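A short write-up of the structure that comes next.
The values are calculated or read from the model by the stated rules, or taken from the named source; none is laboratory data. The structure presented is a predicted model; accordingly, all values stated were derived computationally and were not measured. Here the Cβ is made from the backbone with ideal geometry for all residues, glycine too, and neighbour counts use every protein chain on show.
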Amino acid sequence: MTRPAAEHRWLDDARTMRAMRAIMAIMLFLTVLAAALGLATWTATRALDAELAGRLTVQLTDGSGGPALAARLRALPQVTRAEAVDRARLAALLEPWLGEAGLDADLPMPAMIDVDLADPTEIAAVERIVRAAAPTARIDRHATWLAPVRGFIATLAGLAAGLVLLVAAATASVVLLAARAGLDTHAETIEVLHMLGSTDVQLARLFARRIATDTLMGGAIGTLAALGFLGFLGTRLGALGAEIVAGIGLRAGDWAVLAILPLLFALMAALAARWAVLRALAKRL
C-alpha cells in the first residue's frame, strides 16, 4: 500500500464521511438558494433603477393642453419620448375602481403625459421647463412612486447576502468541530505519526484534504439539487407571464457564480480545518 493511500485510510470513517457530506449538501443547498435570491433581487433592483431613473408623468388638472405640451416636450433635446395619454386609456385605468357606471362621458379627467428622458440627470431641468409652461402642472417621478418597492427589493438582496454569510459561518463552525473531533478520535494514531517523523503541517494537510473532499462532494450534491429547484421555479414563474416577475431572473454570470460555490466552500473548509488542526496540535505540545 502506498503512503498516500495509507495516510488517507486512517482518516476514513464511513459514518462520519456520510454525515459530513450530508451536512455540507444541506449547507450548500441553502447557500445556493440564498445566493440566487440575492443575485436575482440585485439584478431586479438595477433593472428597476435603469427603467425608472429618467421617467416622468406630467398631470394637467384642468384636462386641457396635453397634446400641445407633449409636442413642446418632444422638441427638447433631453426628451426621447413625450406621449399624451388619451381619455380612453385613462378610463380603462379607472374602470376597476369606478366601474363602467362611474365612467360618465362628462367625468372630468386630467390630461396626462408620459415623458422619457435621455439622461436622468436632466430631470430637474425638464421639470423647470414644464412648470414654466404650465405652472399648475403636477409632476411625478416614477422612481418616487416605486421607491418603496425598490427599497423592499434591496432589503431582500441584503437579507440574502446576510443568509449566505450566516451559512458560511455555520459551515466553518461545523468544519472546526469535525476537525477537533477527528483529532480526538485519532489521538493515538497522531502520536504514532509524530514519533515516525510526521510534522504538524503534514497532519493538518491530511485533515484539510479529507474535509475539503467531503465538503466538495456533499456541496456538489446540494448545489445540483438547488440548481434543479431554481430551474423548476424559473419555469413556473415564466408560465405566469406576469410583468412583476419579468425582471426577476438569473443571468448567465449568476449561474456561473452559483456553480462555483462548492469550490469556494471546499477551499474555506480546507483552510478552516488546517487552522483548527495546527492550533490544536500546538496546544498539545
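Can you pull out the residues in the range 252-277 that are buried (at least 18 other Cβ atoms within 10 Å of the Cβ) and within 19 Å of residue 177 (Cβ to Cβ)?
Within the range 252-277, 265, 266, 269, 270, 272, 273, 274, 276, 277 meet the criteria.
Please state which one of 269, 226, 280, 256 is more than 30 Å from residue 152 (Cα to Cα) and at pLDDT 90 or above.
On the way: 226 fails: more than 30 Å from residue 152 (Cα to Cα); 280 fails: at pLDDT 90 or above; 256 fails: more than 30 Å from residue 152 (Cα to Cα).
Going through 269, 226, 280, 256 in turn, just one is more than 30 Å from residue 152 (Cα to Cα) and at pLDDT 90 or above: 269.
Let me confirm something: among 214, 184, which residue is charged (D, E, K, R), over 21 Å from residue 39 (Cβ atoms) and surrounded by fewer than 16 Cβ atoms within 10 Å (Cβ to Cβ)? Give the derivation first.
Details: 214 fails: surrounded by fewer than 16 Cβ atoms within 10 Å (Cβ to Cβ).
Matching residue, one of 214, 184: 184.
Before we move on, is residue 44 of a type in the set (A, V, I, L, M, F, W, C) and farther than 22 Å from residue 144 by Cα? Give the derivation first.
Details: of a type in the set (A, V, I, L, M, F, W, C): yes; farther than 22 Å from residue 144 by Cα: no.
It is false that residue 44 is of a type in the set (A, V, I, L, M, F, W, C) and farther than 22 Å from residue 144 by Cα.
With the requirement that a residue be in a loop (DSSP other than H, G, I, E, B) and of a type in the set (S, T, N, Q), what does the range 184-220 give you?
Just the residues of the range 184-220 that are in a loop (DSSP other than H, G, I, E, B), to begin with: 186, 196-199.
If the condition is that a residue be in a loop (DSSP other than H, G, I, E, B) and of a type in the set (S, T, N, Q), then 198, 199 are the ones that fit.
Determine whether residue 46 is of a type in the set (Lys, Arg) and at pLDDT below 75. Can you show your working first?
On the way: of a type in the set (Lys, Arg): yes; at pLDDT below 75: no.
In short, no.
For the condition farther than 11 Å from residue 273 by Cβ, without any contact (Cβ under 8 Å) to a residue 60 or more places away in the chain and either surrounded by fewer than 19 Cβ atoms within 10 Å (Cβ to Cβ) or more than 39 Å from the chain's Cα centre (by Cα) (or both), what is the one hit in 156, 166? Give the derivation first.
Details: 156 fails: without any contact (Cβ under 8 Å) to a residue 60 or more places away in the chain.
Checking each option against the conditions leaves just 166.
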